[in-house]
1. Tell me the residue from SER65, SER97 that is polar (S, T, N, Q), more than 24 Å from ILE118 (Cβ to Cβ) and in contact with a Leu (Cβ under 7 Å, 6 or more places away or on another chain), please.
2. Note down all Cβ pairs under 6 Å where the first residue falls in the stretch 137-165 and is surrounded by fewer than 16 Cβ atoms within 10 Å (Cβ to Cβ), the second is part of a strand (DSSP E or B) and among the aliphatic types (A, V, I, L, M), and they're at least six residues apart or on different chains.
3. Within the stretch 34-47, restricting attention to residues that are at pLDDT 90 or above and under 14 Å from the mean Cα position of the chain (by Cα), which residue is nearest to GLU121 (Cα to Cα)?
4. Give the residues of the stretch 11-29 that are modelled with pLDDT of 95 or more and surrounded by 17 or more Cβ atoms within 10 Å (Cβ to Cβ), sorted by residue number.
5. Give the stretch 62-101 a look and list any residue that's small (Gly, Ala, Ser) and at negative phi, or say none.
6. Out of all the residues in the stretch 20-50, which are of a type in the set (Phe, Trp, Tyr) and touching a strand residue (DSSP E or B) at 6+ places or on another chain (Cβ under 8 Å)?
7. Can you pull out every residue in the stretch 63-80 that is aliphatic (A, V, I, L, M) and in contact with a helix residue (DSSP H, G or I) (Cβ under 7 Å, 6 or more places away or on another chain)?
8. Which condition does THR106 not pass, out of (1) within 25 Å of ARG34 (Cβ to Cβ); (2) of a type in the set (Ser, Thr, Tyr); (3) surrounded by 13 or more Cβ atoms within 10 Å (Cβ to Cβ), if it passes all the others?
Amino acid sequence: MAESLDKNPEPEKNFDRLPVELMLRYSGVEILNRLLIGEVPYPAMSEVIPFRLVEVDRGRVVFESFPSEKYYNTSGIVHGGYALTLLDTCMGIAVYSTLDSGIGYTSIETKVNFVRPIKAETGPLLAIGSAIHTGTKTGTAEGRLVDSEGKVYAHGTTTCFLFGL
């Protein structure tokens with residue numbers, strides 16, 4: 001894993017869209033390895049809900065994020081959209097990590113179960129995505145949102161549509 005989970009590092013990030021030329025040239029896992037070392041930009045969405053890629057293998061990815069009070073809803077807990085976004089990201093990227101060059105993806109269905117409330121005091125969370133199936137038109141994955149002790153806060157599944165670029 002890249003760094004300790006007991007602090008909130010603020011690494012220099014480059015935010016932008018991933019150039020299509022790279023997606024035509026490199027496989028998903030190759031691009032993700034380049035993201036991991038800072039050679040390609042993070043998606044702009046990670047400015048809205050900060051997360052960073054900390055592990056990548058074909059079919060499995062791990063993102064890290066730090067919940068804070070700025071994501072609280074009126075009940076005084078982190079809004080469910082925070083967990084949903086992290087799970088959608090890790091599951092979609094798990095599918096992407098199995099794709100050859102020239103293939104894109106987008107989520108067409110996501111199911112999430114919220115298991116326990118998230119608060120700022122929860123500390124750093126890992127969003128762990130694992131691809132289950134990659135076909136020619138669709139891919140599926142599952143994901144878990146866990147704390148540093150492995151306690152599950154949310155879990156889900158997704159189906160992604162695969163398309164040529």
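The values are calculated or read from the model by the stated rules, or taken from the named source; none is laboratory data. Here the structure is a predicted model, which means the values were calculated and not measured. Positions of Cβ are generated from backbone atoms using ideal geometry, with glycine treated the same way; all protein chains shown enter the neighbour counts.
1. Criteria check complete, one pass: SER97.
2. LYS137/LEU162; VAL152/VAL146; PHE161/ILE108
3. The residue in question is LEU36.
4. TYR26, SER27, GLY28, VAL29
5. Restricting attention to the stretch 62-101, the residues satisfying the condition of being small (Gly, Ala, Ser) are 65, 68, 75-76, 80-81, 83, 92, 94, 97, 101.
Answer for the stretch 62-101, where residues must be small (Gly, Ala, Ser) and at negative phi: SER65, SER68, SER75, GLY80, GLY81, ALA83, GLY92, ALA94, SER97, SER101.
6. Initial filter on the stretch 20-50 (of a type in the set (Phe, Trp, Tyr)): 26, 42.
Hit for the stretch 20-50 is TYR42, nothing else.
7. Filtering the stretch 63-80 for residues aliphatic (A, V, I, L, M) gives 77-78.
Within the stretch 63-80, just VAL78 meets the criteria.
8. The failed condition is (3).
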